[in-house]
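These notes concern the structure reproduced below.
Where a number appears in this text, it was derived from the coordinates with a stated rule and is not lab data. Computed from a predicted model, the values in this text were never measured in an experiment. Here the Cβ positions follow ideal geometry from the backbone for every residue, glycine too, while neighbour counts run over all protein chains shown.
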């Protein structure tokens, strides 16, 4: 899973951040897409799993009342001084101060300044929950389509990088198509099945004629 790439559409589903936040954080260097960055019109950012963890942690800190400026200073400090991924750390937010627990509670790095209320954020459960969400989201699902009076089983495999689904009808070899949404997937599966059957019909008729 650590080597998988995630497109923006999937990232929004997994992290709960808005597209505006995602775009702003990437453009300002808070949390970017480490696998592939956007490079002009039509290009897509591709995020790593560690990027997803960082996005969830940043969102959690903001929800806890830490200012964006303080979060930015903390992330910059951790990038420069922490020798481990963010997902292996524990964080404590005290007002607008963010502390990183480096292996044990006795070794703590102060990453920002000033504050009052202490809020502990354990990153490990965030990563664990995120892995479970990725597993669930990437699981193939099946739908049934009816074409020419027959039912066919279509298998939908999520594309976590580009978003949408790859659709295959196992009963019909080579019958593969794509769709952006589940609603569109049913229509595309039906259209692809119909096209496959239409293409196969002349061949079947030709074989029957030659077998007589």
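Protection proxy ranking, highest mean first, for peptides 51-59, 27-35, 10-18: 51-59, 10-18, 27-35, where packing is the per-residue count of other beta-carbon atoms within 10 Å, averaged. Calculate, for residue 201 and residue 176, the FRET efficiency according to 1/(1 + (r/R0)^6) with r their C-beta to C-beta distance and R0 22 Å; round to the nearest 0.05. According to the calculation, E is roughly 0.70. Please give the residues of segment 14-31, grouped as numeric ranges, whose backbone N is less than 20 Å from a label point set 7 Å along the Cα-to-Cβ vector of residue 68. Within reach of a label on residue 68: 15-31.
Measuring nothing but how far apart in sequence close Cα pairs (under 8 Å, 6+ apart) lie, relative to its length, segment 140-211 scores a relative contact order of 22 percent. A Förster radius of 30 Å combined with the Cβ-Cβ distance from residue 19 to residue 136 puts the calculated FRET efficiency at roughly 0.85.
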